[in-house]
Amino acid sequence: MIAHNALLSQLDTLLVQSRELWQVKAFNCDALPWQERFPHLAECVWSLDDCELDNIDKVQADLLAYLLPALKADLADLGLEWRLELLDIKAPSTQTHQSEVIGQQDAGHFSAGIKGRKWAQINAFTQQIDNGQSEVLEWCAGKGHLGRLIAKAYDRQVVSLEWQQGLCEAGEVFAKQWQLPQRFICADAFDAQQSELKVEQQAVALHACGDLHVRLLHLATKAGTRDIAISPCCYHLIQAQEYQAMSRLGIKSELRLTRHDLQLPLQQSTIANEKQLSLRHKEIAWRLGFDCLQRDVREVSQYLPIPSIKQSQLSGEFAAFCVWAAEQKAVTLPKVVDFEHFLHLGIERQKLTRRVDLVAHLFRAVFEHWLLLDRVCFLEEQGYQVSLEVFCDNAITPRNSLIKAKR
Ligand SMILES: C[S@@+](CC[C@H](N)C(=O)[O-])C[C@H]1O[C@@H](n2cnc3c(N)ncnc32)[C@H](O)[C@@H]1O
């Protein structure tokens, strides 16, 4: 098997080579930004109708099957050789059992009030935790659902760290009721004094966003914590303007990643419902339509983000939406506006942005793997033995990678 740092280096090369295809802000484009160099790819995305596009985007294998021949043709014309087989990269899957880690009856009580998919994640994650002896530190625990299940399943001492008092209290009530060896620390994860990380401990984090899991990795490696298991998510939720790489290779990389870039792995539509999907498309077309209008009125060729909208606004008229958006952004609209014209422009721009995004999505898996390996290699550099696996099905959560480190 290829070493993690060698794989990180290969992914890095591919991502640097392909930057123009994935490091793009679709809503700023007025044409496919790479169409001159990649004409086959441009033709391929324009030949798709909008419904096909949604379906292809949902499954990475379909996306690759549809777009790769065109990309390969363009690369051949350009005389470039990229390692496109990496686009299909997946972490190995661990064999988790579908069954509950605790008895059916207890599982009924423990899962009450937790959404089905969340419970499935917690159950699968718990199956990946060794039945060890050491205390478990649950990082950014929420109500401590994961810690609670670990405490119950393995009778292990669990400390759950969470900064929202209400969530800690709710977790404490449950732990007391079930006489579980779980206690809560109501503290800020950024306050090193209160984090209670130790050597003889297993630190776990399920979906601690961006900086939060990075913080755990820094504190745990500093404390020499023997065992770490994290499932990262929301890579873009960081304080810094740019991604701060962790591993030596990551730091040396030519990639400079903005928060916008870091959202790429999360751009996989999980909207299953057709009605919700068509509302989402309508909202984007309206936002872009308003954007064309504001550019015209302000004579500024720059995207102007507007706040979130209520779904009910979408059942009204586009003109009313524009008036509302103009008020939010203090844009003075002229007395007479051809709203139909701007709606049409919005729909056209939406078609374009969806095609720009579709091509960027080719690199979604590689990019997330790069981010995961940056963490894995950092841990290896700190003397840990590290594995990277998939701990549950993609349908349960697309953020299904698990990094396990021991020393
Ligand atoms: C995405 S939730 C994950 C909760 C839980 N691990 C789960 O998977 O259900 C992130 C949690 O981190 C907590 N959190 C955010 N910032 C924090 C901080 N600075 N210190 C401690 N907890 C924090 C939030 O209150 C929230 O409960």
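In table form, for the structure just shown:
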item	result
Positions within segment 132-149 being assigned to a loop (DSSP other than H, G, I, E, B) and in contact (Cβ under 8 Å) with a residue 24 or more places away in the chain, in sequence order	Gly132, Ser134, Trp139, Cys140, Ala141, Gly142, Lys143, Gly144
Some residue of segment 295-303 being in a helix (DSSP H, G or I) and among the hydroxyl-bearing types (Ser, Thr, Tyr)	no
Qualifying residue in segment 319-337 (condition: surrounded by fewer than 22 Cβ atoms within 10 Å (Cβ to Cβ), under 15 Å from the mean Cα position of the chain (by Cα) and of a type outside the set (Val, Ile, Thr))	no
Qualifying positions in segment 316-363 - of a type outside the set (D, E, K, R), out of contact with any Lys or Arg (no Cβ under 8 Å at 6 or more places or on another chain) and closer than 28 Å to Gln60 by Cα	Ile347, Gln350, Leu352, Thr353, Val356, Leu358, Val359, Ala360, His361, Leu362, Phe363
Single residue of Pro307, Pro265 found to be under 22 Å from the mean Cα position of the chain (by Cα), part of a loop (DSSP other than H, G, I, E, B) and not hydrophobic (A, V, I, L, M, F, W, C)	Pro307
Residue list for segment 1-44, restricted to those being under 20 Å from Phe378 (Cβ atoms) and part of a loop (DSSP other than H, G, I, E, B)	Met1, Ile2, Ala3
Filter pass, Ala120 being within 26 Å of the chain's Cα centre (by Cα), part of a loop (DSSP other than H, G, I, E, B), of a type in the set (Gly, Ala, Ser) and closer than 30 Å to Arg183 by Cα	no
Residue list for segment 331-340, restricted to those being of a type outside the set (Asp, Glu) and more than 11 Å from Phe318 (Cβ to Cβ)	Val331, Thr332, Leu333, Pro334, Lys335, Val336
Candidate set: segment 148-169, residues that are closer than 25 Å to Glu100 by Cα and of a type in the set (D, E, K, R); chosen: the one nearest to the chain's Cα centre (by Cα)	Arg148
Glu381 being in contact (Cβ under 8 Å) with a residue 24 or more places away in the chain, acidic (Asp, Glu) and surrounded by fewer than 22 Cβ atoms within 10 Å (Cβ to Cβ)	yes
Selected residue (only one of Asp227, Asp211 is charged (D, E, K, R) and more than 14 Å from the ligand (Cβ to nearest atom))	Asp227
Selection status of Lys152, touching a helix residue (DSSP H, G or I) at 6+ places or on another chain (Cβ under 8 Å), charged (D, E, K, R) and outside any loop (DSSP other than H, G, I, E, B)	yes
Output for segment 49-80, where each listed residue is of a type outside the set (A, V, I, L, M, F, W, C), part of a helix (DSSP H, G or I) and farther than 22 Å from Glu36 by Cβ	Asp50, Glu52, Asp54, Asn55, Asp57, Lys58, Gln60, Asp62
Residue count, segment 81-117 (criterion: under 24 Å from the mean Cα position of the chain (by Cα) and within 22 Å of Leu206 (Cβ to Cβ))	11
Exclusive hit being within 15 Å of the ligand (Cβ to nearest atom) and modelled with pLDDT of 95 or more, set Glu135, Glu162	Glu162
Positions within segment 344-370 being of a type in the set (Gly, Ala, Ser) and either closer than 21 Å to Pro39 by Cα or over 20 Å from the mean Cα position of the chain (by Cα) (or both), in sequence order	Gly346, Ala360
Failed item, numbered, when Gly116 is tested on (1) farther than 24 Å from Ala395 by Cα; (2) away from the ligand (no atom under 12 Å from the Cβ)	(1)
Which numbered condition Val359 fails, given (1) in contact with a Ser or Thr (Cβ under 9 Å, 6 or more places away or on another chain); (2) closer than 21 Å to Tyr235 by Cβ	(1)
Any hit, segment 371-378, residues being outside any strand (DSSP E or B), under 14 Å from the mean Cα position of the chain (by Cα) and over 20 Å from Gln202 (Cα atoms)	yes
Subset tally (residues that are part of a strand (DSSP E or B), within 13 Å of the ligand (Cβ to nearest atom) and in contact with a Ser or Thr (Cβ under 9 Å, 6 or more places away or on another chain)) for segment 181-203	3
Filter result for the condition that a residue is in contact (Cβ under 8 Å) with a residue 60 or more places away in the chain and either touching a Pro at 6+ places or on another chain (Cβ under 6 Å) or more than 22 Å from Ile396 (Cβ to Cβ) (or both), over Leu161, Leu197, Leu212, Leu206	Leu197
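The values are calculated or read from the model by the stated rules, or taken from the named source; none is laboratory data. Predicted model only: the values in this text are computed from it and were never measured. Here the Cβ is made from the backbone with ideal geometry for all residues, glycine too, and neighbour counts use every protein chain on show.
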